[in-house]
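Following: one structure in structure tokens, then a few remarks.
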Amino acid sequence: MTKFKVKANLSGIQAKSPEYRKKAVTYVANELFRKSSPYVPHDSGTLERSGIIHSVPGQGKLIWKTPYAKYQWEHGKSRGLRGKLWAKRAWLDNRKYILSNAKSIV
């Protein structure tokens, strides 16, 4: 199986305490995962479900883990929004919204 992670720089979020920072990181990960859903290549839904099973939002980790996840990430054919680099594209499209809400948490 192939495992890979998507990383986002959250250095712009200044938290009052480590607890608030963790809440913000969890929010960002959960919201990015939710916003990524329409971008994930979809056949039977296994790739998308693997993100639910393997991601660790409390640590800011979104993980899609299937035998073909890396191939889809690098070479997936586009159908509308769905296609390769899905989380990166979702982040680019939604980061201002996600970060502004995360800043209100801290």
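Which count do you get for residues in region 38-72 that are of a type in the set (Gly, Ala, Ser), surrounded by 13 or more Cβ atoms within 10 Å (Cβ to Cβ) and either more than 24 Å from residue 95 (Cβ to Cβ) or without any contact (Cβ under 8 Å) to a residue 24 or more places away in the chain (or both)? Working first, answer last.
Here is the first cut: in region 38-72, the residues of a type in the set (Gly, Ala, Ser) are 44-45, 50-51, 55, 58, 60, 69.
Next, only the ones that are surrounded by 13 or more Cβ atoms within 10 Å (Cβ to Cβ) stay: 50-51, 55, 60, 69.
Now drop any that are not either more than 24 Å from residue 95 (Cβ to Cβ) or without any contact (Cβ under 8 Å) to a residue 24 or more places away in the chain (or both), which leaves 50-51.
Count: 2.
Go through region 73-84 residue by residue and tally those that are at pLDDT 90 or above and either part of a helix (DSSP H, G or I) or surrounded by 16 or more Cβ atoms within 10 Å (Cβ to Cβ) (or both).
Residues that pass the stated criteria total 6.
For the list (1) more than 13 Å from the chain's Cα centre (by Cα); (2) in contact (Cβ under 8 Å) with a residue 60 or more places away in the chain; (3) part of a helix (DSSP H, G or I), I need the number of the one condition that residue 32 fails.
All conditions pass for residue 32, except number (1).
I'd like to verify a number: residues in region 27-56 that are closer than 15 Å to residue 81 by Cα, touching a Ser or Thr at 6+ places or on another chain (Cβ under 9 Å) and among the aliphatic types (A, V, I, L, M), how many?
Of the residues in region 27-56, 0 are closer than 15 Å to residue 81 by Cα, touching a Ser or Thr at 6+ places or on another chain (Cβ under 9 Å) and among the aliphatic types (A, V, I, L, M).
The values are calculated or read from the model by the stated rules, or taken from the named source; none is laboratory data. Here the structure is a predicted model, which is why all the values come from computation and not from measurement. When we count neighbours, we look across all protein chains shown, and the Cβ atoms used for this are built from the backbone with ideal geometry, even at glycine.
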